[in-house]
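Take a look at the structure below.
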Amino acid sequence: MPKAASECWTTFKLLPNYCQALDTYRELQLASSDQTVHQRRHDFDSHFAKVCKMMDMAYKNKFEGAFYFVGNCINADTSLTSHYTTPGLKEFASRLGCADDNEVLSFAKMEA
């Protein structure tokens, strides 16, 4: 007899690698969608621009910030990386001991 959805979810979450399974499922969904590389790039740029605009508004209100933006769909997002820092944090990555923002983006890409 089939279990209720809540029981299935509870049992699934007991698996030691359930987060990895969900990530893989999400990646496969993206890979099997009709979205082209160009469309994916457009979406990435659109989301990046929105976050940059939000950071600019925050900076006007005396907030500083930095973020690193990477695509995490294997084989589709290899070139989708970018970063943004407000003027007060331009040297943020080098102060942390990293060579530059590109190295931080490389680390972020490996973790994504």
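At a glance:
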read-out	value
Given (1) over 22 Å from Asn102 (Cβ atoms); (2) modelled with pLDDT of 70 or more; (3) open to solvent by 50 Å² or more (accessible area, probe 1.4 Å); (4) not aromatic (Phe, Trp, Tyr), index of the condition Ala58 fails	(3)
Lone qualifier among Asp43, Asp34 - being modelled with pLDDT under 80 and of a type in the set (Asp, Glu)	Asp34
Test: residue in the stretch 97-106 that is touching a Cys at 6+ places or on another chain (Cβ under 7 Å) and at pLDDT below 80	yes
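Yes/no matrix, rows are residues, columns are (1) touching a His at 6+ places or on another chain (Cβ under 8 Å); (2) modelled with pLDDT under 80; (3) surrounded by 13 or more Cβ atoms within 10 Å (Cβ to Cβ):
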position	(1), (2), (3)
Ala4	no, yes, no
Glu7	no, yes, no
Thr10	no, no, no
Leu28	no, yes, no
Phe48	no, no, yes
Lys53	no, no, no
Glu64	no, no, yes
Val70	no, no, yes
Asn75	no, yes, no
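The values are calculated or read from the model by the stated rules, or taken from the named source; none is laboratory data. Remember, predicted model here, so these are calculated numbers, not experimental data. Positions of Cβ are backbone-derived with ideal geometry, glycine not excepted, and every protein chain shown enters the neighbour counts. Heavy atoms of the whole protein, side chains included, go into the accessibility calculation; ligands, DNA and RNA do not. Shrake-Rupley method; radii C 1.70, N 1.55, O 1.52, S 1.80 Å.
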